[in-house]
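Have a look at the structure below, then the notes.
The values are calculated or read from the model by the stated rules, or taken from the named source; none is laboratory data. Since the model is a prediction, treat every value here as computed from it, not as a measurement. Here the Cβ is made from the backbone with ideal geometry for all residues, glycine too, and neighbour counts use every protein chain on show. Side chains included, ligands, DNA and RNA excluded: accessible areas come from the protein's heavy atoms. Shrake-Rupley method; radii C 1.70, N 1.55, O 1.52, S 1.80 Å.
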Amino acid sequence: TVNVTPETTSDSDRRHTVKDGGLVAQTSDDVTCTPRDTEKVELSFIGTGYQEIKFTLPEVIDLAYARSVTFAVSDQTIPLCFKLYDTDGNEISSVTAYKQTGSYTMTNVGGRTEKVASIAVMLHADNANEATKTCLFDGVLFKMNDPDEKTHEVTFSGSDLEVLKSEGNAVYTAGANGEYTLAFPALNAGVSFKIPKIINMANCVNIQFTVSGQTGKVNYYLQMDGLDKDHKFNLEPDQPVHTMVSQLTEGGINEIKIQCAGQEYVPNSGITLEKIIFTMKGEDGANDFLSEEDANPEPDRVPANKENITPVKDESKRVLAADLKVADVNVTKYEKTTADQIQITFSGAWSELKLALPEAVNMLQCKGVTFAVSEQTVPLSFKLYKEGDLTNPVFDKYHEQNEDGIYTYDVSSAETITHVGIMLHSDDVAKVRDTAANYCVFDGVVFDMDTT
């Protein structure tokens with residue numbers, strides 16, 4: 001079969017497969033490693049869990065210049081864990097990915113101080129009782145910035161930023177030197193700031209948040225007109241600078257949100273934001289900023305396999321998938337089609353695409369909602385979200401799959417809905433991993449309005 005390790009897109013990227021691609025399997029008593037065609041190996045795990053095999057890289061990778069790390073897996077019978085090890089043989093545990101299905105991309109590696117000498121694939125104990133414990137491991141891709149590239153900095157102090165809104169009763173105060181001190185009294189509390197200009201993310205090497213007084217972990221969100229474009233989670237206290245290497249390679253951002261970390265929430269925690277520094281490519285600022293028109297490029301649409309099946313109903317709000325704006329991405333791939341659909345390839349358990357409605361829907365005036373899906377290879381989960389909270393759905397329905405792809409629900413709620421979500425639940429991940437194993441075509445959503 002074809003090796004699914006992504007290809008490099010720049011001279012700085014590093015792609016390594018087994019044998020000719022440079023990866024060398026270290027001896028393991030608990031994992032057998034059998035070479036296969038197209039530079040991949042079959043791994044077979046023996047034991048009751050936590051068995052792993054390490055692969056030595058042909059070169060040391062400096063994470064200071066990394067954008068992401070992708071572990072490529074073309075087939076598997078059990079979820080896997082992926083690890084990085086430094087030059088002293090220590091696991092870089094804060095980036096370890098547990099119980100993943102299919103290829104997995106680490107996006108929280110950029111700007112770190114460690115240097116990677118080896119990688120590892122591990123079996124988790126929760127999956128050790130499976131009769132067959134194998135996978136086809138294809139390789140690894142390190143997406144990198146050029147360490148020799150000329151750069152310059154664009155700095156915004158707190159006084160340059162405009163507070164747009166606070167969520168979850170977050171409190172903010174402006175200091176005498178322009179800094180902002182944030183207090184988070186509740187879970188998911190956060191504050192959004194407007195940046196004076198639209199940052200060209202194709203030209204951005206990294207983002208540095210200079211902070212102080214941090215008492216709990218925080219999340220950073222990069223946004224364009226309120227829509228989430230990228231994020232970095234669980235930044236630790238006692239770091240005067242948090243560095244984020246964005247995965248965005250096109251488009252722009254004009255907002256930053258700082259939020260207390262969800263599962264790691266410390267009651268009444270806080271942080272002071274002093275300034276934000278964007279490290280940009282080049283020796284001048286000729287390509288640093290974008291116009292509103294260029295900030296949200298629309299990719300070419302792919303040919304549709306089927307007609308759009310979103311129902312047409314009287315006295316309803318019918319929204320085709322292509323008319324929804326992408327608000328938060330946790331999927332491998334999404335593409336709009338020529339039939340106004342969105343093709344979605346899920347990346348594994350809890351993978352979700354969240355989409356913003358063109359206008360809010362008052363559920364007090366709505367009798368029900370219909371989701372339309374013309375193709376699906378796995379059961380899907382559907383969600384409705386209110387403004388300002390894309391974490392806790394107002395409505396959700398899990399494990400849905402039928403013959404016609406039309407899913408209609410009665411929804412009783414007094415909330416105003418601004419977003420919908422299409423998710424793959426952990427119980428519904430396809431056992432076989434290929435390009436179509438965890439896939440759907442989302443056609444649209446219809447809100448049945450009560451006009452009486």
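Numbers below:
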{"item": "Residue match in the range 13-26 (condition: open to solvent by less than 30 Å² (accessible area, probe 1.4 Å), out of contact with any Asp or Glu (no Cβ under 7 Å at 6 or more places or on another chain) and among the acidic types (Asp, Glu))", "result": "yes"}
{"item": "Selected residue (criterion: least open to solvent (accessible area, probe 1.4 Å)) from residues of the range 280-312 that are of a type outside the set (Val, Ile, Thr) and part of a strand (DSSP E or B)", "result": "Met280"}
{"item": "Conditions (1) in a strand (DSSP E or B); (2) free of Cβ contacts under 8 Å to residues at least 60 places away in the same chain; (3) more than 25 Å from Gly262 (Cβ to Cβ): number failed by Ala117", "result": "(2)"}
{"item": "Of all residues in the range 150-161 being under 24 Å from Val109 (Cα atoms) and over 27 Å from the mean Cα position of the chain (by Cα), the one that is surrounded by the most Cβ atoms within 10 Å (Cβ to Cβ)", "result": "His152"}
{"item": "Lone qualifier among Thr38, Thr34 - being among the hydroxyl-bearing types (Ser, Thr, Tyr) and exposed (fewer than 13 other Cβ atoms within 10 Å of the Cβ)", "result": "Thr34"}
{"item": "Options Lys306, Lys275; residue that is among the basic types (Lys, Arg), under 30 Å from Pro240 (Cα atoms) and in contact with a Ser or Thr (Cβ under 6 Å, 6 or more places away or on another chain)", "result": "Lys275"}
{"item": "All strands (runs of 3 or more DSSP E) inside the range 208-279 with 2 or more residues being in contact (Cβ under 8 Å) with a residue 12 or more places away in the chain and basic (Lys, Arg)", "result": "227-235"}
{"item": "Where Asn127 falls short, out of the listed (1) within 17 Å of the chain's Cα centre (by Cα); (2) surrounded by fewer than 20 Cβ atoms within 10 Å (Cβ to Cβ)", "result": "(1)"}
{"item": "Lone qualifier among Thr101, Thr48, Thr56, Thr87 - being more than 24 Å from Ile207 (Cα to Cα) and surrounded by 20 or more Cβ atoms within 10 Å (Cβ to Cβ)", "result": "Thr101"}
{"item": "Qualifying residue in the range 64-71 (condition: within 22 Å of Thr107 (Cβ to Cβ) and open to solvent by 50 Å² or more (accessible area, probe 1.4 Å))", "result": "yes"}
{"item": "Condition met for Val326 (in a strand (DSSP E or B) and of a type in the set (Val, Ile, Thr))", "result": "yes"}
{"item": "Count of the range 73-86 residues which are in a strand (DSSP E or B) and modelled with pLDDT under 90", "result": "3"}
{"item": "Selection from the range 323-371 of residues that are under 25 Å from the mean Cα position of the chain (by Cα), among the small types (Gly, Ala, Ser) and surrounded by fewer than 19 Cβ atoms within 10 Å (Cβ to Cβ)", "result": "Ala349, Ala360"}
{"item": "Residue check, Tyr385 in contact (Cβ under 8 Å) with a residue 24 or more places away in the chain, out of contact with any Asp or Glu (no Cβ under 8 Å at 6 or more places or on another chain), under 29 Å from Gly226 (Cβ atoms) and surrounded by fewer than 20 Cβ atoms within 10 Å (Cβ to Cβ)", "result": "no"}
{"item": "Residue satisfying all of: in the range 181-202; under 20 Å from Gly285 (Cβ atoms) and within 21 Å of the chain's Cα centre (by Cα); most open to solvent (accessible area, probe 1.4 Å) among these", "result": "Ala202"}
{"item": "Count of residues meeting criterion [of a type in the set (Lys, Arg) and open to solvent by less than 30 Å² (accessible area, probe 1.4 Å)] in the range 104-124", "result": "0"}
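Residues are listed down the side, and each one gets a yes or a no for (1) in a strand (DSSP E or B); (2) farther than 29 Å from Thr132 by Cβ:
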| residue | (1), (2) |
| --- | --- |
| Ser44 | yes, no |
| Thr48 | no, no |
| Pro58 | yes, yes |
| Phe71 | yes, no |
| Asp88 | no, yes |
| Lys99 | yes, no |
